[in-house]
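**Q** Following this message is one structure expressed as structure tokens.
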Amino acid sequence: MSRSVLVTGGNRGIGLAIARAFADAGDKVAITYRSGEPPAALEELGCLAVRCDITDTEQVEQAYKEIEAEHGPVEVLIANAGITKDQLLMRMSEEDFTSVIDTNLTGTFRVVKRANRGMLRAKKGRVVLISSVVGLYGGPGQANYAASKAALVGFARSLSRELGSRNITFNVVAPGFVDTAMTRALSEEQRAAIMAQVPLGRYAQPEEIAATVRFLASDDASYITGAVIPVDGGLGMGH
Ligand SMILES: NC(=O)c1ccc[n+]([C@@H]2O[C@H](COP(=O)([O-])OP(=O)(O)OC[C@H]3O[C@@H](n4cnc5c(N)ncnc54)[C@H](OP(=O)(O)O)[C@@H]3O)[C@@H](O)[C@H]2O)c1
């Protein structure tokens, strides 16, 4: 199997682990990065790195053109790029709120909409959205982030109903706390408080999220759509 796979925000953290998982399986992988230079590891894996800020529709269009020219239409899209701007509600500015929505929700809409063009033509496609346990569990100081991640569930489920007959699946992965730059920004106190709530008693490694994403894009998951799969060490049970 050598499909054209796109992972947004694939230059580091969970996205990089996902890119590696698909490349190791023999797929043609493109990643987008927003800032800096993509790590050398990506080149070694044979991944195509394309600069793209998903808050800019024109940049999304350009990225797809570049990827299509090299790998053909995107058959598997992993919408992974995301940000946090945590703040208690009273101190949360409107910009803190809208910028998180614009990246995590509207940015996902932009990349999914553009991918859909080729998937409709191919009469098949796999889309996996990276949400968070916080989407349905909530988190103090994370009203913007939780709202954006919960919204991905309604987005994916609507598209599952809209496009299921076209053989395109839409699934959501909801990671718990994963050891990446995003969580390294938390204080020791915050990290300890989170850990105390996690039945498995540890953070996830990015590879543990990548394994589930790859499963959802595989033939073994051909009858799964509109699902929300927690990979959270049990943190979100019942939510
Ligand atoms: N880490 C966790 O515990 C955790 C838990 C649940 C869910 N998640 C979700 O998993 C995803 C990846 O998280 P991570 O921990 O790997 O985060 P990370 O290390 O902070 O990486 C985030 C990635 O998203 C990219 N990105 C951010 N804004 C972008 C934009 N406007 N346009 C294009 N790319 C953009 C970043 O690009 P730059 O390198 O240019 O900044 C980076 O590649 C996110 O959606 C996050 O919400 C993470």
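The values are calculated or read from the model by the stated rules, or taken from the named source; none is laboratory data. Keep in mind that what you see is a predicted model, and the values were worked out from it rather than measured. Cβ: placed from backbone, ideal geometry, glycine included. Neighbour counts: every protein chain shown. What goes into the accessible areas is simple: the full protein's heavy atoms, side chains included, and nothing from ligands, DNA or RNA. Shrake-Rupley method; radii C 1.70, N 1.55, O 1.52, S 1.80 Å.
**Q** Can you list the lysines whose alpha carbon is less than 16 Å from that of Lys85, not counting same-chain residues fewer than 8 positions off?
**A** Lys149
**Q** Taking N as the number of residues in the range 119-187, what value does Rg over Cα atoms divided by 2.2 N^0.38 Å take? Mind showing how you got there, number by number?
**A** Working: Rg = 14.7 Å, N = 69, 2.2 N^0.38 = 11.0 Å.
With N residues counted in the range 119-187, Rg over 2.2 N^0.38 Å equals 1.34.
**Q** Another question about this same structure. Just add up the charged neighbours of Glu70: K/R +1, D/E -1, any other residue whose Cβ is under 15 Å from the Cβ of Glu70.
**A** Surrounding charge for Glu70 is -1.
**Q** Could you tell me how many cubic angstrom of Cα convex hull volume the chain has per residue?
**A** 123
**Q** So, one more: For the range 145-219, what is the convex hull volume of the alpha-carbon atoms per residue, in Å³?
**A** It comes to 113 Å³ per residue, whole-number rounded.
**Q** Calculate the tail of P(r) for the range 38-95: the fraction of all Cα-Cα distances greater than 19 Å, expressed in %.
**A** Looking at the range 38-95, the distances longer than 19 Å represent 49 percent of pairs.
**Q** Which far-off residues, 5 or more places away or on another chain, put their amide H under 5 Å from the one on Val178, with H placed in the peptide plane?
**A** Correct list: Ala204.
**Q** Between the range 191-239 and the range 61-122, what is the C-alpha centre distance in whole Å?
**A** 21
**Q** From the helices alone, meaning DSSP H stretches of at least four residues, give me the mean residue ellipticity at 222 nm for the chain, per-run term -39500 (n - 2.57), in deg cm²/dmol to the nearest 500.
**A** On the way: 10 runs with 107 residues, N = 239.
Calculated at 222 nm, the ellipticity per residue is -13500 deg cm²/dmol.
**Q** Direction-averaged shadow area of the convex hull around the Cα atoms of the range 23-119, nm²?
**A** Dividing the Cα hull surface by four gives the mean projection, 7.2 nm².
**Q** Turning to a different aspect of this structure: Work out Dmax and Rg for the range 1-67 from the C-alpha atoms and quote the Rg first, both in angstrom.
**A** Reported Rg and Dmax, both Å: 11.1, 32.
**Q** Heavy-atom accessible area of Met237 with all protein chains present, probe 1.4 Å, nearest 10 Å²?
**A** Result for Met237: roughly 140 Å² accessible.
**Q** Would you mind getting the accessible area per residue of the chain, heavy atoms of the protein chains only, 1.4 Å probe, in Å²? Before the final figure, lay out the partial values.
**A** On the way: 11580 Å² over 239 residues.
Each residue of the chain exposes 48 Å² on average to a 1.4 Å probe.
**Q** How large is the convex hull of the C-alpha atoms of the range 115-239 per residue, in Å³? It would help to have the intermediate numbers written out before the result.
**A** Values: hull volume 14.3 nm³, N = 125.
In the range 115-239, the Cα hull volume divided by residue count equals 114 Å³.
**Q** Can you pull the percent of the range 149-189's accessible area that's carbon plus sulfur, 1.4 Å probe, other chains left in place?
**A** Here carbon and sulfur together make up 48 percent of the probe-accessible area.
**Q** So which DSSP H runs in the chain come out at 27 Å plus along the axis (Cα) with average Kyte-Doolittle of at least -1.0? Mind showing how you got there, number by number?
**A** On the way: long enough: 143-163 (30 Å, 0.25).
Once both thresholds are applied, what remains is 143-163.
**Q** List the residues, sorted by chain then number, that are 5 or more residues from Ile229 or on another chain and whose placed amide H is less than 5 Å from its amide H.
**A** Correct list: Val172, Val173, Ala174.
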